[in-house]
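Read through the structure below, which is laid out as structure tokens, and then see the notes.
The values are calculated or read from the model by the stated rules, or taken from the named source; none is laboratory data. Treat the numbers as computed from the prediction; the structure is a model and nothing was measured. Cβ: placed from backbone, ideal geometry, glycine included. Neighbour counts: every protein chain shown.
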């Protein structure tokens, strides 16, 4: 049975033009009625689709019409239906985030890429790091800390010299942002069953915020992070150009 295709594009002119062309070449339906969504743009476009269609769990197939395309397939107007039929699915699980602000207000959210606790003033952040309720670093000093999924490990995490993680690895990366102390700590790889807690120390004098995909939480006192294994999205890749291969290539690029 032929899959019903839904098209989505970013606001870039190239993506909008490609959207018009593909809609003329292929029968399509509204994205929320589709069996598969073809996202035209960059990694940000795919990330938005992962969030927007999480409840419906519609697979996402990205084609690069943007600046950054690590999560994208090569753009082509030919043989799209055959490419979709042969595409390899990868399950992406989001991070589940619970933030507590200085007034005790609790906010929750999900992030497929990463979540960070980062300083929100000129003063250095002081953070206590706990793994499964056990303190591992009593007082981290620096700009902040980042927790990344395998799919997000090639984004902000990579720019921080964090490890690029194979997508099927059952780990999360905890990476320091501009660390000052402990000087020799360069982060950790953690089993993805762990519960991570970041506690802001002296948070009134040294305010911090949290950023997670498209979310931002201000005046944070505590962050709790774990992988939500109850929900997932399938991201589709052409054979030979799948996410696993891209992650391997990234580790050997000079």
Within the range 75-102, of all residues that are free of Cβ contacts under 8 Å to residues at least 40 places away in the same chain and part of a loop (DSSP other than H, G, I, E, B), the one surrounded by the fewest Cβ atoms within 10 Å (Cβ to Cβ) is 78
Strands (runs of 3 or more DSSP E) enclosed by the range 112-194 - at least 3 residues per element that are free of Cβ contacts under 8 Å to residues at least 60 places away in the same chain and farther than 25 Å from residue 49 by Cβ:
134-148, 171-181, 188-191
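A quick yes/no check of all residues on (1) assigned by TED's automatic domain parsing to the domain that holds residue 107; (2) over 26 Å from residue 70 (Cβ atoms); (3) touching a helix residue (DSSP H, G or I) at 6+ places or on another chain (Cβ under 9 Å):
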| residue | (1), (2), (3) |
| --- | --- |
| 123 | yes, yes, no |
| 167 | yes, no, yes |
| 175 | yes, no, yes |
| 179 | yes, no, no |
| 190 | yes, no, no |
| 196 | yes, no, no |
| 200 | yes, yes, no |
| 219 | yes, yes, no |
Conditions (1) surrounded by fewer than 19 Cβ atoms within 10 Å (Cβ to Cβ); (2) not in a strand (DSSP E or B); number of the one not met by residue 71
(1)
Restricting attention to the range 59-74, which residues are in contact (Cβ under 8 Å) with a residue 60 or more places away in the chain and touching a strand residue (DSSP E or B) at 6+ places or on another chain (Cβ under 6 Å)?
59, 60, 61, 62, 71, 73
